[in-house]
Amino acid sequence: MKHFLSLADLIPDQFYDLLGLAARLKTELRTSGTNPPLLQGKVLGMVFQKPSLRTRVSFDVGMLQLGGHALYLSPNEIQLGKRESTADVARVLGGYVNAIMARVFGHQDILDLARWSPVPVINGLSDYSHPCQGLADYFTMYEVWDEQLSGRTLAYVGDGNNVLTSLMFGAALSGVRMRVATPAGYEPRPDTVQRARELGADVQRFRDPYEAVAGADAIYTDVWTSMGQEDESARRRAVFPPYQVNQQLIAAARPDVIVLHCLPAHRGEEITDEVADGPHSRLFQQAENRMHAQKALLVRLFAPNREV
């Protein structure tokens, strides 16, 4: 694994290796209060076009816990493709750090960084996919379901966005069945659905969210309006209310269904307080797991042959 740009780039053995390593690192941290300095002397350069609580803190603290260091580079400091070409940024930054994590608007920036960087590149989010989030999501389900993912059903309700892309690719790796409910005009890209199915994902499409969640083991939702789509917010708020994850929708799934959300949540829109803070919610376990899953990823990128 040279880069981590999409879950579609992994094979199942790599995927399950990352989940297992994340579990070991998390248990080790909780029982002993520390992890060994597996990344001693390593530096992660973090390029941000979009701000983030979870992405910045989880990578920063994760590197610290493994003995490394993370360097935050704000949107004004880099300005990919504006102040300096993405290719030049990749080559210059790659001469200073051991890996680059980038959280960007356009996916092409991630591809260009990976093309020109002499060090591994991690997709911290792009408009196409969010593989770090997807890895944490499946790690959370891996924990909740005692490491048994295959055969479970995950229902996604809401906007057919980059998070859904990563969930569908993760379904191909894990054996989880995906049931996707989106409003007309907000479906996932047909080529992405096709790619996920070609990789082995069982993806079913629905318009009715209640039909999608029937018998589901997990329900996942995301904001109706993502960062960069603010001019569409009024139109989206008129379309998405039937897709709200509330108690009525939860009742249509399995009694032990879990609820997931990548956060930040627009409470009262895509999810109610009652659900987000209720017994089915795994939102904050999921948020913490960003760090543990990414630590496993960093170890495999920095030290792929090291026994852990």
Which numbered condition residue 3 fails, given (1) open to solvent by 70 Å² or more (accessible area, probe 1.4 Å); (2) within 25 Å of residue 86 (Cβ to Cβ): (1)
Considering only the stretch 126-142, state which residues are farther than 18 Å from residue 219 by Cα, buried (at least 24 other Cβ atoms within 10 Å of the Cβ) and more than 9 Å from the chain's Cα centre (by Cα). 126
Restricting the stretch 89-123 to residues that are more than 22 Å from residue 228 (Cβ to Cβ), part of a helix (DSSP H, G or I) and in contact (Cβ under 8 Å) with a residue 24 or more places away in the chain, the residue that is most open to solvent (accessible area, probe 1.4 Å): 115
Helices (runs of 4 or more DSSP H) wholly in the stretch 196-308 with at least 1 residues that are open to solvent by less than 20 Å² (accessible area, probe 1.4 Å) and of a type in the set (D, E, K, R) - which ones? 233-239, 283-302
Write out, first by first residue and then by second, each pair whose Cβ atoms fall under 7 Å of each other, whose residues are 6+ apart or on separate chains, and whose first residue, in the stretch 248-268, is under 21 Å from residue 290 (Cα atoms) while the second is among the polar types (S, T, N, Q). 259/281; 260/140; 260/286; 261/221; 262/133
The stretch 41-57 - residue that is modelled with pLDDT of 95 or more and open to solvent by 10 Å² or more (accessible area, probe 1.4 Å) and, of those, nearest to residue 104 (Cα to Cα): 56
Identify, by number, the condition in (1) of a type in the set (Val, Ile, Thr); (2) more than 17 Å from the chain's Cα centre (by Cα); (3) within 22 Å of residue 103 (Cα to Cα) that residue 165 doesn't meet. (2)
Look at residue 180 and say whether it is in contact with a Phe, Trp or Tyr (Cβ under 8 Å, 6 or more places away or on another chain) and closer than 25 Å to residue 19 by Cβ. yes
Scanning the stretch 272-308 for residues that are closer than 27 Å to residue 121 by Cα, more than 20 Å from the chain's Cα centre (by Cα) and of a type in the set (Asp, Glu) gives 307
Those residues that are more than 17 Å from residue 245 (Cα to Cα) and surrounded by fewer than 22 Cβ atoms within 10 Å (Cβ to Cβ), I need them from the stretch 171-185; list them, please. 175, 177, 184, 185
Kindly indicate which of 18, 29 is in contact with a Lys or Arg (Cβ under 7 Å, 6 or more places away or on another chain), surrounded by 14 or more Cβ atoms within 10 Å (Cβ to Cβ), in contact (Cβ under 8 Å) with a residue 24 or more places away in the chain and in a helix (DSSP H, G or I). 18
Filter the stretch 6-15 for residues that are part of a helix (DSSP H, G or I) and open to solvent by less than 20 Å² (accessible area, probe 1.4 Å) and give the result. 7, 8, 15
What are the residue pairs meeting all of these: first residue in the stretch 65-77, first residue farther than 17 Å from residue 92 by Cβ and open to solvent by 30 Å² or more (accessible area, probe 1.4 Å), second residue part of a loop (DSSP other than H, G, I, E, B) and modelled with pLDDT of 95 or more, Cβ atoms under 6 Å, and 6 or more apart or on different chains? 65/35
Filter the stretch 230-247 for residues that are touching a residue at least 60 places away in the same chain (Cβ under 8 Å) and under 21 Å from residue 50 (Cβ atoms) and give the result. 236
State whether the residues of the stretch 127-134 include one that is within 18 Å of residue 48 (Cβ to Cβ) and either of a type in the set (Asp, Glu) or part of a strand (DSSP E or B) (or both). yes
Subset of the stretch 75-89 (residues that are among the polar types (S, T, N, Q), farther than 12 Å from residue 108 by Cα and modelled with pLDDT of 90 or more): 85
Please verify whether the stretch 52-67 includes one or more residues that are assigned to a loop (DSSP other than H, G, I, E, B), of a type outside the set (Phe, Trp, Tyr) and over 25 Å from residue 162 (Cβ atoms). yes
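The values are calculated or read from the model by the stated rules, or taken from the named source; none is laboratory data. Small disclaimer: the values here were computed from a predicted structure and weren't measured. Reconstructed Cβ throughout: ideal geometry from the backbone, glycine too, with neighbour counts over all protein chains shown. The accessibility values were calculated without ligands, DNA or RNA, using every heavy atom of the protein model including side chains. Shrake-Rupley method; radii C 1.70, N 1.55, O 1.52, S 1.80 Å.
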